[in-house]
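Following: one structure in structure tokens, then a few remarks.
Bear in mind that the values in this text are calculations on the coordinates, not laboratory data. Predicted model, so just to flag it, every value in this text is computed and none were measured. All Cβ positions, glycine included, derive from the backbone under ideal geometry; neighbour counts span all protein chains shown.
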């Protein structure tokens with residue numbers, strides 16, 4: 001009980017300071033996008049058959065060495081939808097996200113228990129090649145991380161290592177940059193360094209780079225956290241367009257963003273063990289975004305989305 | 001205070017501070033102005049650093065000046081053909097040093113050719129592939145190699161490597177026989193003490209330098225860069241090519257340059273195994289000679305113009321080293337400008 005109260009008090013202090021900062025940018029958008037989103041969501045709810053699941057996560061546990069980082073995550077990711085992972089810092093959102101393309105394999109001591117199936121295939125099966133997994137499941141990171149190469153080479157790298165023909169590369173690069181809403185800005189300077197672009201352009205380049213290998217899924221780990229509101233809005237628009245062709249999972253700290261862009265939302269939180277003070281992430285609730293934000297089933301979700309974190 | 005309000009930056013800060021809600025109109029601004037004692041540490045540090053920088057330049061300049069002065073008699077006697085004539089005969093006052101310059105360049109080239117792939121391989125292996133425990137063991141052994149005195153390498157080369165490797169050279173030369181191109185490089189009359197043996201010894205000597213420096217550079221490649229490549233479905237090797245090498249390229253070139261500098265300047269080890277027979281030939285299994293090795297072998301007995309000519313060899317060596325370094329630096333800078341935009 002003492003811990004819980006401490007947590008409340010802490011967030012109570014942060015939230016009033018944080019909300020006014022983001023409100024001026026967020027509220028007009030919300031007013032415009034809100035009703036439109038509702039209509040779309042209502043249509044989907046009316047659909048008799050749910051969208052087919054791309055990922056089926058069953059009782060996932062992730063350990064770093066002996067430390068349990070996330071426990072008991074069960075959820076399904078629907079095809080051609082945007083699934084958002086929200087929750088406070090250190091609740092394991094990113095850890096879970098990185099399980100989908102087996103990026104956690106690269107962290108020494110990381111161990112995954114439970115199952116994640118991708119179209120019914122166990123992603124962590126013995127015969128699964130993580131390199132092939134990552135070709136099908138792309139990833140965009142928190143900080144834009146273009147290679148120190150030309151814009152063209154950044155986008156062409158993925159297709160090249162996937163065995164694309166040299167003669168096709170020009171078309172692939174153009175199409176990926178066009179889909180990432182970047183082509184018009186960079187078509188005259190494809191040979192220049194990607195490091196000279198603005199942060200927002202770099203992030204769109206990273207999205208172009210990810211979709212150039214034609215993955216089925218794009219994982220986005222707080223893709224807008226390093227960007228200003230204008231660049232953020234562009235990425236969010238882009239996600240809506242990409243949704244036609246790709247399944248997207250996005251981790252975000254920004255609840256308004258989750259509300260604006262996603263079809264389904266998973267709310268994670270961290271449980272602090274009273275003895276060891278270790279934080280373990282748990283999935284509190286997973287549902288249609290509209291429901292999470294308007295009528296959540298769990299009190300903790302409600303407290304979080306209304307700004308009263310508990 | 002009024003005299004400094006003209007400073008636009010300070011002025012702006014003051015007005016901002018005064019407008020701060022709750023700060024009140026009469027904000028305490030005393031701490032803003034630099035007091036007399038503040039920044040003294042910075043000034044002292046600045047002077048010390050400047051002094052150190054100037055010392056390096058001064059030492060370099062004085063070395064260049066004094067050696068050139070000492071070498072002047074030989075340069076004057078021989079003229080510019082010092083660097084392009086192949087006629088070196090101290091008794092007749094002929095100082096055409098081309099064969100020594102050629103030997104130095106060839107041996108260094110062999111050393112770099114052999115050492116760079118091995119060094120980069122070790123650096124990449126320890127950073128990217130090896131498990132932690134093995135990584136530490138390899139690092140330790142490689143660093144230990146750097147601590148062995150060069151005369152030990154030289155003696156080992158002379159007493160162990162040269163006799164052992166001669167049959168290998170002979171077998172290669174025999175196999176190559178009269179093939180075009182290859183027979184011009186790997187044929188000839190193989191000798192245990194040769195360009196190649198000197199190159200091998202130097203390669204072993206510079207490997208720890210290049211390895212440790214490139215290992216340090218490679219360790220600074222951001223994790224995000226590695227993940228960017230891995231997330232696209234890159235294998236480890238593709239990730240190294242896409243992320244690690246471009247990021248650390250300039251540092252690796254710097255490491256190779258330091259290794260090359262060591263190889264070009266190495267005296268005693270090269271002197272023992274190069275064969276001390278100045279000649280210009282493509283046959284790498286033939287004995288040759290190099291500038292530092294020749295200086296080391298001859299300087300004790302030299303006097304007069306001969307001594308001055310030996311110092312002249314040192315000046316030429318110095319100039320070549322600087323030229324190679326500057327060229328490599330400018331190439332790397334241009335490349336970084338193109339790829340990193342910095």
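One table, with the values for the structure above:
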read-out: Kirkwood Rh in Å, taken over chain B so that all alpha-carbon pairs contribute; value: 24.3
read-out: FRET efficiency for residue A:226 and residue B:91, using Cβ-Cβ distance with R0 set to 51 Å, rounded to 0.05; value: 0.10
read-out: 19 Å cut-off, amide nitrogen to a point 7 angstrom out along residue A:126 Cα→Cβ, residues in segment A:91-113; value: A:112-113
read-out: Antiparallel DSSP beta bridges within the protein assembly as shown, percent to nearest 5; value: 60
read-out: Tilt relative to chain B, helix B:162-176 - C-alpha long axis, 0 to 90 degrees, to 10; value: 80
read-out: Fluctuation leader among B:208, B:73, B:180 - chain B, Gaussian network, Cα springs under 10 angstrom; value: B:180
read-out: Label point distance in nm, residue B:135-residue B:189, each placed 7 Å from Cα along Cα→Cβ; value: 5.3
read-out: Expected 222 nm ellipticity per residue - DSSP helices of 4 or more, -39500 (n - 2.57), all of the protein assembly as shown, to 500; value: -18500 deg cm²/dmol
read-out: Candidates B:270, B:309, B:146: whichever shows maximal mean-square fluctuation once chain B is modelled as a Gaussian network with Cα springs under 10 Å; value: B:146
read-out: Label point distance in nm, residue B:52-residue B:179, each placed 7 Å from Cα along Cα→Cβ; value: 5.2
read-out: For a label point 7 Å along the Cα-to-beta-carbon line of residue A:241, residues of segment A:146-182 with backbone N under 11 Å; value: A:176-182
read-out: Over segment A:239-295, equivalent-ellipsoid semi-axes from the Cα gyration tensor in Å; value: 28, 13, 9
read-out: Rounded to 10°, Cα long-axis angle of helix B:245-265 versus longest principal axis of chain B; value: 50
read-out: Förster radius 25 Å - calculated FRET efficiency between residue B:172 and residue B:84 (Cβ-Cβ, nearest 0.05); value: 0.20
read-out: Radius ratio Rg over Rh of the protein assembly as shown, counting only Cα atoms, Kirkwood formula for Rh; value: 1.10
read-out: Length released on extending from residue A:79 to residue A:170, taking residue separation times 0.36 nm less the Cα-Cα span; value: 29.9 nm
read-out: Estimated FRET transfer efficiency (residue B:155, residue B:45; beta-carbon r; R0 51 Å; 0.05); value: 0.65
read-out: Principal axis dimensions, segment A:37-186 - Cα atoms, whole angstrom, descending; value: 46, 45, 33
